[in-house]
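The values are calculated or read from the model by the stated rules, or taken from the named source; none is laboratory data. What you are looking at is a predicted structure, and each value in this text was computed from that prediction instead of being measured. So basically every Cβ, Gly included, is an ideal-geometry build from the backbone, and we count neighbours across all protein chains shown. Ligands, DNA and RNA are stripped out before the accessible areas are found, and what is left, the full protein with its side chains, is counted by its heavy atoms. Shrake-Rupley method; radii C 1.70, N 1.55, O 1.52, S 1.80 Å.
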Amino acid sequence: MNLNRSGFLIFLSLFFLTFSIVFFDQSKVVATSHSIIATSSAPFQILISRLRDFYTFWTDALFNIRELKLKNQELIQKNLELESALADISDLKSENESLKKQLNFANEYRRNLIGANIISRDYQNSRSFIIDAGALDGLAVGMTVLAGGGNIVGQIILANERTSQIRAIFDTGTKISSVTQISRVAGLTRGLGSDLILDLVPKSQDLGIDETIISSGQDGIWPKGLVVGKIAVIESGQNQIFKIAHLKSLIDWSRLEHVFIIIP
Amino acid sequence: MRKFFLFIILLACAIIQLSFLNPSYMGVNLILAFVIALALTQEISFTLPAVWFAGFIIDLNKTLYFGISSLVFITLVVIITLGHRFFLSSRRIKNIIILGILAVIIERILFLVFVNLAVLLKEGFYESPASFFNTFGFLLELIITPIIILGFFKLLFKDSVQEFKQEWQKNYQIFK
């Protein structure tokens, strides 16, 4: 417990060794060590995350029976409405396809997806996840990760053999060329650590609360048409050149267990 | 043998922290509580290398540079050891609670300092301090971490902490 001379020497040695690791994190030695620790701890992480899923499922089921019942009734009603809307959409779809044929449009880009489970998360915020699929499953750095409904979760930043690390959309490293879905106002979505903003929107352009923001595909990194979030708050200061919109993600991050990776 | 057992528990805490007790579930900082408990009860020659290694497991799932958590943990252990020696020297419940609360705040400050130091030196910019403190999990951590530390003391370190035990019994009598 006492910080004696040897203790202080151990601290200094570990401190400078770790500092070197931080600064040479791209080196082969550090990457190999990272991969070894990731691979050897993956089975335990998978086991614990399965226990967590089991626990969450049953506690949810036990404590939210009433809520689940109400939600079920609501969903049945919504399903009926959607079925009638779907009938209209299929008419429009066939009409659209015949028009496309007449105009010689190229075939739409169809996404090839791989499913994976989240096995661990950054414990202080939701800026990073580890999934149980890796390079052996065909995953690689830079691939886009989605939740259901085409909502962007993030991007793969490290692909080990059987696990991969995802940088979540909230991370400060995230920058997505975006556009509002209806009014087609362009901007840049940036992560602020625990928030998302749509930046670089000219003041002359109008933004609406609850408007959906999608990726524009113009950055060549994020595929076009993926959902980023919805506008929650709009900021437009007198001395600012651009507007900023604070976005809310449509993903329930606390319940996110499964993701899909787009294979180019 | 006991040290090996404690090391395994430390690694288990790290994995449970990542795969079970993450922000999606309560935001309990189990690993920090165990690091503090180790710093208060074990020799620093064992605690430093053990928490250093556990930091790398935590860093498997951080977008920060690999090794930042290890830096934070070893520095925190030294600060706790010094704080325990000079300011809060007895293992009374009150002192452990104060140390627990201070450790949560110091841990976040250390993350802020080391992350920004690394980002600034490597990339030339820095991250907003708000993202390190404005989460609901931080407030929860301030309350829950001291309770978990007391739990660890009761479960794992009670033999080595007679003073704590007496204090616990005294308080328990009051509650009775």
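Could you please find all residues in the stretch A:24-33 being within 7 Å of another protein chain (Cβ to nearest Cβ) and either at pLDDT below 85 or surrounded by fewer than 15 Cβ atoms within 10 Å (Cβ to Cβ) (or both)?
A:ASP25
If you go through the stretch A:243-264, how many residues are open to solvent by 80 Å² or more (accessible area, probe 1.4 Å) and over 23 Å from A:ARG121 (Cβ atoms)?
Total meeting the criteria: 1.
Can you pull out the residues in the stretch A:59-79 that are in a helix (DSSP H, G or I) and at pLDDT below 85? Before the answer, list the steps.
Going residue by residue through the stretch A:59-79, those that are in a helix (DSSP H, G or I) are A:59-63, A:65-79.
Hits for the stretch A:59-79 are A:THR59, A:ASP60, A:ALA61, A:LEU62, A:PHE63, A:ILE65, A:ARG66, A:GLU67, A:LEU68, A:LYS69.
Need the failing condition index for A:ILE197 against (1) away from every other protein chain (no Cβ under 14 Å); (2) surrounded by 18 or more Cβ atoms within 10 Å (Cβ to Cβ); (3) farther than 30 Å from A:ALA135 by Cβ, just the number.
Here A:ILE197 clears every test but (1).
Which number in (1) farther than 25 Å from A:ILE114 by Cβ; (2) within 16 Å of the chain's Cα centre (by Cα) marks the one condition that A:GLU211 misses?
(2)
Take A:ASP132 and decide whether it is open to solvent by 10 Å² or more (accessible area, probe 1.4 Å) and within 13 Å of chain B (Cβ to nearest Cβ). Give the derivation first.
Values: open to solvent by 10 Å² or more (accessible area, probe 1.4 Å): yes; within 13 Å of chain B (Cβ to nearest Cβ): yes.
Here the answer is yes, as A:ASP132 does meet what is asked.
Does any residue of the stretch A:106-113 turn out to be at pLDDT below 90, open to solvent by 30 Å² or more (accessible area, probe 1.4 Å), more than 14 Å from every other protein chain (Cβ to nearest Cβ) and part of a strand (DSSP E or B)? First the steps, then the outcome.
Filtering the stretch A:106-113 down to residues at pLDDT below 90 leaves A:106-113.
Of the ones still in play, those that are also open to solvent by 30 Å² or more (accessible area, probe 1.4 Å) are A:106-113.
Now drop any that are not more than 14 Å from every other protein chain (Cβ to nearest Cβ), which leaves A:106-113.
With part of a strand (DSSP E or B) added as a condition, the list becomes A:112-113.
Yes, the stretch A:106-113 has at least one match.
Would you pick out the residues in the stretch A:92-105 that are modelled with pLDDT under 80 and open to solvent by 100 Å² or more (accessible area, probe 1.4 Å)?
If the condition is that a residue be modelled with pLDDT under 80 and open to solvent by 100 Å² or more (accessible area, probe 1.4 Å), then A:GLU95, A:LYS101, A:GLN102, A:LEU103, A:ASN104, A:PHE105 are the ones that fit.
Restricting the search to the stretch B:46-65, which residues are at pLDDT below 90 and open to solvent by 20 Å² or more (accessible area, probe 1.4 Å)?
B:THR63, B:LEU64, B:TYR65
Conditions (1) under 23 Å from B:ILE16 (Cα atoms); (2) free of Cβ contacts under 8 Å to residues at least 24 places away in the same chain; (3) touching a strand residue (DSSP E or B) at 6+ places or on another chain (Cβ under 7 Å), marked per residue:
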site	(1), (2), (3)
A:LEU136	no, no, no
A:VAL141	no, yes, yes
A:ALA147	no, no, yes
A:ASN151	no, no, yes
A:ASN160	yes, no, no
A:THR163	yes, no, yes
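Among all residue pairs at least 6 apart or on different chains, which show Cβ distances below 6 Å where the first residue, located in the stretch A:49-65, is open to solvent by less than 100 Å² (accessible area, probe 1.4 Å) and the second is part of a helix (DSSP H, G or I)?
Correct list of pairs: A:SER49/B:SER19.
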